[in-house]
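Written below as structure tokens is the structure these notes are about.
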Amino acid sequence: MKRTFASSIFIIILLVSLQLTFVRNAQSFHFVLPSTLWANSFQSWSLQGWTMKKGGSNAVVEFSTLETYSSPYSLHVNSSSQNSGFAFAIGPSDWMSPPLSNGSLCSIDYSKKYVIEFYFCIPGTNNNLLNVFRNQHIITGIQGATLYWEMGGSRYNITTLEEDRWYRITYWVVPGTGFYIDVYDTVNKKYVVEDQFCRFHGGTFNRPPFVVGDIEDGVEQYGEAYWDDFKIYFHSKPRVNIDFRLLAIEGYFGNVSMKSAEHLIMNLTKFFNWQNRTSNYIGVNFYSHIHLFSAVPYNSLYEDAKRFYNGGISDKSRILNEIRSFLGATSPGCSNTFTIRIFYYCGHSGLNSSSSYKFPYILLGKDVDPDPKISSEELKRAFNHGDLSSSNCTLLIFDSCYSERYIGAFDSHHNYQENLLRKGRVILSACKYNQKAYGTSETWGNSPGNWTYFTGHTDLYTNYKHIGPIGIIGAINQKSRFDFNKDGWLHIGEIFDFARKTTKNFVKYWSTKKQEPTMGSGVRAAKIPFVMYNPKANFAWNGPPGDSPSRQNYDSWSQHGNYAFQTGFSNVIGPVNNTPLYYRQITSVNDTSYGAPLYTIQCSSVRITDNMVFFSANSTFYGLDLITGEKIWEFTANNSISTSAAIYNGTVFFGVGSPGKLYALDEVTGMLRWTYDLPTSATVTSPPTVADDKIFFGTSDGYFYVLNQTTGTQIWNFSAGGKIQSSPAVAYNRVFFGSYDGAIYALEEDTGALIWEYQTFSPVISSPAIHNGMLFIGTYDLPRVLALNATGNTPDLIWEYQTVAPVTSSPSVDTVKGLVVVADENGNIYCFKEMSPNPPLWTELIDPINMSSPAISNNSLIYIGSLDGKIYCLNETTGQVVWSYLIGNSVVASPALTDDHVIISSTDGAVYCFGIPFPVYDVTAVSLTVSGLNAPWDQPLHLTYTVANNGNRLETFNVTLYYFTHEIWTPPSYLQPTLIYSTTVTLLPGENITLTYDWYPPRLHRTFSILLETQELEYELYPLDNIFVLRYLRLLSVPNGGAGRNALFL
């Protein structure tokens, strides 16, 4: 399409560079191609060059408002019966041009790759045969509701479409080969067809440029459909070269030569971006350069790693030269901007004692002497050499002892100094500054041997137990699970948290040592692209220099009563209405795995920690995402799960029925850590409590056990006189619990020695709550609430209160107001002052209550479940019911609180979360345009910019315009852009605003770029779309009148 400007004062030239488009919640991984040949979004009723053909009185070809996707109008074709004749539309004639000598038709050169995209909807399935799209290459059609493609007169089915639903259909055309088709469901927001290859039809075509609608060759072909938002692009040759460079060094752990660099290389090269391939979808060449230096002899390397081998590790000068000349090199045809540089080291590190900060050194061998060392200072000089000095996309991975010190360290006076960290660089360390890094030479299960825990494993079996994925390798093989921004890539910021947690937990539970990886980030969101798991993904541009944002972590409710002293109180605000945020049916009462349908399901109470929800149903334990309720993992035990869980230090603990067993699972993956088999055939009957690295629980045969929470080994046990269903409370170096023998026990926490025993002469099913030196608990046959002295050497009774019905629920204590809340089986809720029960502050009758115990929020609300299938919320001050919600089946479980939410499970096998949507903090710089470029010299440029609040909270934030004339945020100087204008806006959730500003650009600069930035919010997990840049505006001064060399260029 040609554009002509009438004025001779200005000449405008558009210098098109690669357009970077940041997409939030991307539903397509394809590039937004800048070279649009033609687009039609049906903004007006006029035909806009389309040719409409119809025959028959009832045939319709029109621009319609009846059914549209995003435009005021859509193209509507209807010949929906045999008697209607025919109806079709030919693409716009104003787009056509005479055929050229090279065979091109219209404005499209059919020898080039091109893309066709439009939205399509069928209002019904009364379609005999209808062209969806037809041109020189492609025939696709609808028959009934089936989308098909055609070659040589034969039809091949693609998919079945739902009626009255818009689909985005995209054809990726490769001349001489065929085309790929994608079909995207705009309602369910997912692809129903992706990357399906189809052949060209091979016939003649005499309706250029394209046809939609009737087949046209007979009245038996008819149908009805809508089209909207047509776009046609050139899919040009690759325009960008992306280079991934990895320098990997594997040395020794102890005297063992490690192979983790080989493992990492073999896993990386499974991904598209490490395979020296071209993405025909986005026009990018991916290059991969890998150099491996290993202490492992060449003949002992894995076969797949041998091609990357460049030598041993003993030559210090060669290693340093590799950093400078290989890692710091930029390949021909590539640029420093599009080169991702990764340094990986696995081996010994030592500390330089002569340095006040004790920065580490790399040991290229087994022994401190005489093997060569590379000091931090030598590494720093090498990493600042050549293009490494100005790289904004460098990743350093140190899988070695004391490796946090490669990021930075403190001296003896607590002064901190960065070491290798700088802007534009991310460093991963395998452990903290005072810890060692661990690995193994053993070949457990499917593990290959000689591997390090932080570098990791895809899916580990060890000692015949399934551990699952761990470390960096484990994370990248999870693919889409950690692709939080859904861009088809995993970047370092997305995978590190999993690598950190799994490494920490694995080392702790399998070697009883401590190793916690750390990260230092000089790139915003630590966004360095690592692996491309979707071959059609846009290139995941690295983030600009800046710190990684903090991640909001919601309050925990990790065991019965929230804490080891089991008060059932939380400092969070609870929900004030009964609006369910989500409901997740995890299992069904129609489950016949037990031989017959279950009318109720044995569901545990939920636990909350680390932004996850945990609970069990029958014999399966689940880990859910707190924000969405979606299942992350599940684990099936050997028997029905008999207790709710306790979660401590990354491990989930729960018990099962006879034969009794206590399980320990990894919180992140759900993989088994260890089990403890009861020495008898009893059942674990009390929910475990975890405190001070110990697990406390009771069993059906009256034994009470204490285990080491790391190893599962028994520390001590105690024999009570009856079944223990009471969850133990731990406080004051004591452990308290009740028993069916009518006694309440106080034992020494460390030894199990009996301190005192209080006889109630009634089974004690209720669990104790401890506060202010007092123990509160309920009894069954002689129904009452007791308050005992918890700190003395004798069980002194402070007060008791007789309830109407037995108490199997557990008391809760508002530790701020000093109030005790308890429920009996009839559904009476009682509220007492902590020091005296007479008279109660209030009582309120709801419906029968079994084991559900109150949860008290900091805004004076009480939550509890009942056997009538409801969850209730009561006012703590008055006892009045604030709200209730009918779940359906009986609610036996206790609720759990986290920020602004209450979560509970039911015997229908579901989890319910009540509260407002969890906060999403996300503001976006949407667009920036410049107009007035052909105005007189003394007139300003008119900047129009749009920002949006894509989150779900009201946001007030700064919006700033800058300009710059040299590359910004790049080392060594890290130039900052120059302020043009700044303002503050307040936007409601989902709201956007378009603003304007008139700017007189400085006449001293002939080339400049303009940047729009929205302020980064706290907990904004993906702030990369806060920046929008218009690059390379070129301005030349102009005298009055005339043009010549004095012109304005964009």
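The values are calculated or read from the model by the stated rules, or taken from the named source; none is laboratory data. All of these numbers come straight from a predicted model, not from anything done at the bench. Quick reminder, even Gly has a Cβ in these numbers, built from the backbone with ideal geometry, and neighbours come from all protein chains shown.
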| Just a yes or no: is a residue in region 877-891 at pLDDT below 95 and under 30 Å from the mean Cα position of the chain (by Cα)? | yes
| Filtering region 870-890 down to residues that are surrounded by fewer than 18 Cβ atoms within 10 Å (Cβ to Cβ) and without any contact (Cβ under 8 Å) to a residue 40 or more places away in the chain, which residue is farthest from Tyr801 (Cα to Cα)? | Gly888
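Could you check region 307-396 for strands (runs of 3 or more DSSP E) lying wholly inside it with 3 or more residues that are hydrophobic (A, V, I, L, M, F, W, C) and touching a residue at least 40 places away in the same chain (Cβ under 8 Å)?
339-346
For every residue, the table says whether it meets (1) modelled with pLDDT of 90 or more; (2) under 25 Å from Ala540 (Cα atoms); (3) of a type outside the set (Phe, Trp, Tyr); (4) surrounded by fewer than 18 Cβ atoms within 10 Å (Cβ to Cβ).
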{"position": "Thr970", "(1), (2), (3), (4)": "no, yes, yes, no"}
{"position": "Tyr997", "(1), (2), (3), (4)": "yes, no, no, yes"}
{"position": "Leu1017", "(1), (2), (3), (4)": "no, yes, yes, no"}
{"position": "Asp1025", "(1), (2), (3), (4)": "no, yes, yes, no"}
{"position": "Leu1050", "(1), (2), (3), (4)": "no, no, yes, yes"}
| query | With Asp666, Asp677, Asp625 as the choices, which residue is surrounded by 23 or more Cβ atoms within 10 Å (Cβ to Cβ), charged (D, E, K, R) and touching a residue at least 12 places away in the same chain (Cβ under 8 Å)? | reply | Asp666
| field | Qualifying residue in region 902-920 (condition: farther than 14 Å from Pro580 by Cβ and in contact with a Pro (Cβ under 9 Å, 6 or more places away or on another chain)) | value | yes
| query | Do the conditions hold for Ser447, that is, is it assigned by TED's automatic domain parsing to the domain that holds Ser353 and either modelled with pLDDT of 90 or more or among the hydroxyl-bearing types (Ser, Thr, Tyr) (or both)? | reply | no
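In region 665-673, is there at least one residue being out of contact with any Leu (no Cβ under 7 Å at 6 or more places or on another chain) and closer than 23 Å to Val892 by Cα?
No; the residues of region 665-673 include none that is out of contact with any Leu (no Cβ under 7 Å at 6 or more places or on another chain) and closer than 23 Å to Val892 by Cα.
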| field | Only listed residue being touching a strand residue (DSSP E or B) at 6+ places or on another chain (Cβ under 7 Å), over 17 Å from Phe210 (Cβ atoms) and modelled with pLDDT under 85, chosen from Ser107, Ser84, Ser80, Ser93 | value | Ser80
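Among Gly471, Gly493, Gly488, which is buried (at least 20 other Cβ atoms within 10 Å of the Cβ) and in contact with a His (Cβ under 9 Å, 6 or more places away or on another chain)?
Gly471
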| note | Scanning region 708-728 for residues that are touching a Ser or Thr at 6+ places or on another chain (Cβ under 7 Å) and hydrophobic (A, V, I, L, M, F, W, C) gives Trp716, Ala720, Ile724
| Filter result for Ser719 (closer than 17 Å to Asn562 by Cβ and of a type in the set (Ser, Thr, Tyr)) | no
| request: Of all residues in region 759-784, count the ones that are small (Gly, Ala, Ser) and over 24 Å from Met835 (Cβ atoms). | output: 0
| message | Need the failing condition index for Ala437 against (1) part of a helix (DSSP H, G or I); (2) assigned by TED's automatic domain parsing to the domain that holds Asn392, just the number. | response | (1)
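How many residues are surrounded by fewer than 20 Cβ atoms within 10 Å (Cβ to Cβ) and either over 24 Å from Lys817 (Cβ atoms) or touching a Pro at 6+ places or on another chain (Cβ under 9 Å) (or both) when one looks only at region 763-782? Break it down stepwise before answering.
Filtering region 763-782 for residues surrounded by fewer than 20 Cβ atoms within 10 Å (Cβ to Cβ) gives 772-773, 781-782.
Retained after the next criterion (residues that are either over 24 Å from Lys817 (Cβ atoms) or touching a Pro at 6+ places or on another chain (Cβ under 9 Å) (or both)): 781-782.
Number of matching residues: 2.
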| query | Given (1) assigned to a loop (DSSP other than H, G, I, E, B); (2) buried (at least 21 other Cβ atoms within 10 Å of the Cβ), where does Asp938 come up short, assuming only one miss? | reply | (2)
| Mind checking which residues of region 290-303 are surrounded by 19 or more Cβ atoms within 10 Å (Cβ to Cβ) and within 19 Å of Asn276 (Cα to Cα)? | Ile290, Leu292
